[in-house]
Amino acid sequence: MAAKLKKRIKLVSLAILLLAVTQIPFAYRRIVTSNAASKVASLSSSPKAGADARMREVRGIIHAHTSIGGHSMGTFDELIDGADRAGVDFVVMTEHYSDEYDTASLTLNGKIRNTFFVGGNEIDTADGERFLMVPGGPGAAGLRRLPTGEALGQMHADQRLGLVTYPERIKNWENPFDGIEVLNLHTEAKDANKLLMFFDAFWSVSAYPELGLARFIRRPDEALRQYDRVASERRVTLFAGTDAHSNIGVHLFGDDAGHKLFGIKLDPYEAMFRIMRMHVLLPNDTEPNGRSIVEGIRMGRAFVGVDCLGDTTGFAFLSADGGSLMGDEIPAAKELVARTPSPGRIIAYKNGALFAEIDNGDELRFTPDGPGAYRIEAYRPMLDSPYDRVPWIMSNPIYLR
Ligand SMILES: [Zn+2]
């Protein structure tokens, strides 16, 4: 009997020891996250005055769901609160469609508190490809019976944007879509190793909800390769989708319908809306509203800012004479300049190939060497791994034709 008890005590001690040992990496990750948080706080951002006096900048989210379109448990109130607390100026809603009712007109639309909402749809085509239709409308469900080319034709005839979401599903890159979602925050979080996330949730995400999730963001090499190929031929908007569902949880003994014995919500709207924003530039004489924001997105006057690594507000990419900016197609430019609101590694790509860079600074000037799509990425090398590899800024191109 005593021998049996001894054996049991030994086993239990071994299990406790093993559990403790497995927690060392997560405790270490917590230290890394906490260091990153204090470094981000110390790197104060100061937008360069007069970066582009003709434009005003609005910050917001493309790609958000609530329970109205399924796949999400989020309510309007939760989303409105999240947008308000995160201080975003706009949210492009992209509800899944229904055969029975128009989810785009039933979702959030117009100005609520300080945020402009645009009701859009996430749609399928008969080719098995997926798009964000902005604004959305009653025809969303029917588009799944049309091949992609026809579906996009119909969207354009109705003055709507058709933006690629889930680029890995696209078979025909020749179709005339308006933009490519190179990064999808929900997919990044969902695809992360669940066991890692479970312990990270305990150690890091609860204390640092944004940085705890941002560590899973990687440079989307393949999507950018496809983007750069299309952009070398025509204007197409680069954007990142938050794809907020408020539905990723780590839970024990539960199901995805929300019945959980023990659970932690990893992707509440507020945190998702703070991690990464689309920054859209609007002409100063334009009233900010849903329509002008969608037009700014269509024009590619926008950049992706992973703002939890440091506020990217005030980033500028323009011709040195100030005449042209992101999204412009121009015959020539003597010099292009990118300015970040605080220092980082700034890289210029031409048609996807590295063209110019500085390791640590807040301005990169370079002379383009002929036609091509020139765009900027910025990183924060002063943050420790993995945050030094998370893209901090991804701009839209200036196109030299
Ligand atoms: Zn979605």
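The values are calculated or read from the model by the stated rules, or taken from the named source; none is laboratory data. Treat the numbers as computed from the prediction; the structure is a model and nothing was measured. Every residue, glycine among them, receives a Cβ derived from its backbone with ideal geometry; neighbour counts consider all protein chains shown. The accessibility values were calculated without ligands, DNA or RNA, using every heavy atom of the protein model including side chains. Shrake-Rupley method; radii C 1.70, N 1.55, O 1.52, S 1.80 Å.
Before we move on, is His65 within 16 Å of the ligand (Cβ to nearest atom) and either open to solvent by 30 Å² or more (accessible area, probe 1.4 Å) or at positive phi (or both)?
The answer is no for His65.
Just one of the numbered conditions (1) of a type in the set (Phe, Trp, Tyr); (2) surrounded by fewer than 24 Cβ atoms within 10 Å (Cβ to Cβ); (3) away from the ligand (no atom under 16 Å from the Cβ) is not true of Tyr166: (3).
Identify, from the list Ala378, Ala348, Ala373, Ala333, the residue that is among the aliphatic types (A, V, I, L, M) and without any contact (Cβ under 8 Å) to a residue 60 or more places away in the chain. Lay out the reasoning, then the answer.
Details: Ala378 fails: without any contact (Cβ under 8 Å) to a residue 60 or more places away in the chain; Ala373 fails: without any contact (Cβ under 8 Å) to a residue 60 or more places away in the chain; Ala333 fails: without any contact (Cβ under 8 Å) to a residue 60 or more places away in the chain.
After ruling out the rest, the residue left standing is Ala348.
With respect to Ala223, is the statement that it is within 16 Å of the ligand (Cβ to nearest atom) and closer than 30 Å to Gln23 by Cβ true? Spelling it out, it is not the case that Ala223 is within 16 Å of the ligand (Cβ to nearest atom) and closer than 30 Å to Gln23 by Cβ. Condition test on Asp256, is it at pLDDT below 95 and either in a helix (DSSP H, G or I) or open to solvent by less than 50 Å² (accessible area, probe 1.4 Å) (or both)? Against the criterion (at pLDDT below 95 and either in a helix (DSSP H, G or I) or open to solvent by less than 50 Å² (accessible area, probe 1.4 Å) (or both)), Asp256 does not qualify. For region 19-40, check the following and say yes or no: at least one residue is among the aliphatic types (A, V, I, L, M), modelled with pLDDT under 85 and open to solvent by less than 40 Å² (accessible area, probe 1.4 Å). No: region 19-40 contains no residue that is among the aliphatic types (A, V, I, L, M), modelled with pLDDT under 85 and open to solvent by less than 40 Å² (accessible area, probe 1.4 Å).
The lone criterion from (1) open to solvent by 30 Å² or more (accessible area, probe 1.4 Å); (2) over 25 Å from Ala192 (Cα atoms) left unmet by Met382 is number (2). Only a single criterion out of (1) open to solvent by less than 20 Å² (accessible area, probe 1.4 Å); (2) without any contact (Cβ under 8 Å) to a residue 24 or more places away in the chain; (3) not aliphatic (A, V, I, L, M) is not satisfied by Gln159, namely (1).
Is it fair to say His71 is within 16 Å of the ligand (Cβ to nearest atom), over 30 Å from Leu383 (Cβ atoms) and either surrounded by 19 or more Cβ atoms within 10 Å (Cβ to Cβ) or in the same structural domain as Pro135 (by TED's automatic domain parsing) (or both)? Taking the combined requirement at face value, the residue satisfies it.
Here are some residues: Ala157, Ala126, Ala151. Which one is at pLDDT 95 or above, in contact with a Pro (Cβ under 6 Å, 6 or more places away or on another chain), away from the ligand (no atom under 16 Å from the Cβ) and of a type in the set (Gly, Ala, Ser)?
Working: Ala157 fails: in contact with a Pro (Cβ under 6 Å, 6 or more places away or on another chain); Ala151 fails: in contact with a Pro (Cβ under 6 Å, 6 or more places away or on another chain).
From the options Ala157, Ala126, Ala151, the qualifying one is Ala126.
Listed here are the residues, each with its yes/no results for (1) open to solvent by 20 Å² or more (accessible area, probe 1.4 Å); (2) in a loop (DSSP other than H, G, I, E, B); (3) outside the structural domain of Phe239 (by TED's automatic domain parsing).
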| position | (1), (2), (3) |
| --- | --- |
| Arg274 | yes, no, no |
| Val280 | no, no, no |
| Arg291 | yes, no, no |
| Gly296 | no, no, no |
| Val304 | no, no, no |
| Asp321 | yes, yes, yes |
| Gly327 | no, yes, yes |
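The set of residues in region 90-116 being more than 16 Å from the ligand (Cβ to nearest atom) and surrounded by 22 or more Cβ atoms within 10 Å (Cβ to Cβ) consists of Phe90, Thr115, Phe116. Here the strands (runs of 3 or more DSSP E) wholly within region 332-401 that include at least 2 residues being aromatic (Phe, Trp, Tyr) are 353-366, 372-379.
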